[in-house]
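Below you'll find the structure, written out as structure tokens, and then a few comments.
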Amino acid sequence: MSAVTDTARAVVPGGSFGQSVRDSLVVAKRNLIRMTRIPEMVLFGIIQPVMFVVLFTYVFGGSMQIGDSTDPGVYKDFLMAGIFAQTVTFATAGSAAGIADDMQKGLVDRFRSLPMARGAVLTGRTVADLVQTSITLLVLAAVALIVGWRTGSAAPSNAGEILAGFGLLLLLGYAFTWIGALIGLSVRTPEAATSGGLIWLFPVTFVSNAFVDSSQMTPWLRHIAEWNPFSATVQACRELFGNPGVVQSDAWPMQHPVWASVIWSVLIIAVFRTLAVRKYRQADG
């Protein structure tokens with residue numbers, strides 16, 4: 001086996017771009033097929049955000065103040081961008097657990113014996129997770145429409161802007177899956193990966209403008225929330241969806257949320273993909 005592995009590595013030491021794309025798509029296909037055979041993975045991923053929508057809308061909606069309004073309808077439109085963003089980022093835990101499970105079962109070791117690009121296993125996994133996140137986001141958007149969420153409720157919005165908003169959400173979700181990939185490679189069990197993939201997400205999502213008006217926070221906490229990459233995407237989506245809650249602030253990410261969202265997401269992908277592939281190669285050795 002060692003000789004076969006060494007030969008395979010010699011054939012494609014790093015892999016050309018085309019080879020890397022093909023290998024990544026093969027791994028992504030494998031993960032998507034596995035997803036269809038375990039539908040409860042998708043089902044549970046959908047149930048959680050739907051519960052958040054119902055709880056926040058009907059339990060907290062009447063007690064939240066957005067600007068000068070405590071109208072539950074206003075809060076409902078304010079809330080949805082935050083719920084969408086939380087949903088795509090919470091997919092991080094699934095990515096971490098999935099990679100840790102593959103490592104524990106030795107599947108990754110079998111991939112290493114093949115003449116494939118080194119980063120294809122991780123890229124394929126994150127692409128498959130992005131597809132699953134897209135399905136969840138589509139269902140969640142339908143649920144949001146059912147409970148009364150509407151685009152253009154505070155400012156005019158067109159179809160291009162709405163699609164751009166969902167595009168930013170998927171870009172953020174893809175960026176965070178690379179954080180999950182690094183966590184999955186750094187722990188020993190899927191259980192630890194799930195915990196590690198979630199524990200840091202709570203302060204990231206709640207110390208933000210997702211669920212409350214950040215202008216009502218204490219100054220030091222508001223400063224953290226406004227420079228939070230998560231907040232930039234939420235602010236950008238509210239602006240593109242034409243929903244209430246676009247906070248006026250001197251912080252650059254809040255003044256230019258679309259650009260800030262893109263920059264943060266691309267930066268996260270660049271940093272954590274590099275770290276995750278390096279971690280994979282170290283484990284490879």
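The values are calculated or read from the model by the stated rules, or taken from the named source; none is laboratory data. Just so you know, these numbers come straight off a predicted model, no measurement behind them. Don't worry about glycine lacking a Cβ; one is built from the backbone with ideal geometry, like all the others, and counts go over all protein chains shown. Please note that ligands, DNA and RNA were not included when accessible areas were found on the heavy atoms of the full protein model with its side chains. Shrake-Rupley method; radii C 1.70, N 1.55, O 1.52, S 1.80 Å.
Descriptive notes on the structure:
- Ordered from highest to lowest accessible area with the whole protein assembly present and a 1.4 Å probe, Thr189, Thr89 read as Thr189, Thr89.
- Taking every protein chain into account, the 1.4 Å probe leaves Tyr174 with about 40 Å² of accessible area, to the nearest ten.
- Listed by chain and number, the lysines whose alpha-carbon sits under 19 Å from that of Lys279, ignoring those within fewer than 8 places in the same chain, are Lys105.
- Exposure ranking of Lys29, Lys76, Lys279 by accessible area [1.4 Å probe, largest first]: Lys29, Lys279, Lys76
- Taking the Cα centre of the stretch 34-160 as origin and assigning +1 to Lys and Arg Cβ atoms and -1 to Asp and Glu Cβ atoms, the resulting dipole is close to 540 debye.
- Net length available on complete extension from Arg110 to Trp227 is 37.9 nm, with 0.36 nm assigned per residue and the Cα-Cα distance removed.
- Label positions at Leu163 and Leu275, each projected 7 Å from the Cα along the C-beta direction, are separated by 3.5 nm.
- Near Gly124: Cβ cut-off under 9 Å, other residues only, Lys/Arg at +1 and Asp/Glu at -1. The net charge is +2.
- Ligands, DNA and RNA excluded, the heavy atoms of Asp250 present near 140 Å² of accessible surface to a 1.4 Å solvent probe.
- Only protein atoms count toward the accessible area here, which uses a 1.4 Å probe; on the stretch 157-285, the carbon and sulfur part of that area reaches 67 percent.
- Paramagnetic reach from Ile33 in the stretch 75-105 [backbone N under 18 Å; point 7 Å along Cα→Cβ]: 102
- Ranked from largest to smallest solvent-accessible area, with a 1.4 Å probe on the protein heavy atoms, Met41, Met80, Met51 come out as Met51, Met41, Met80.
- Added length on full extension, which subtracts the Cα-Cα distance from 0.36 nm per residue, Ala155 to Leu267: 37.3 nm
- For the listed peptides 207-215, 270-278, 31-39, a ranking on the average number of other beta carbons within 10 Å per residue, highest first, reads 207-215, 270-278, 31-39.
- Solvent-accessible area per residue for the chain (1.4 angstrom probe, square angstrom): 46
- Gap separating the Cα centres of the stretch 69-88 and the stretch 22-37, nearest whole Å: 34
- 222 nm mean residue ellipticity, helices alone, for the chain (DSSP H n ≥ 4; -39,500 (n - 2.57); rounded to 500): -25000 deg cm²/dmol
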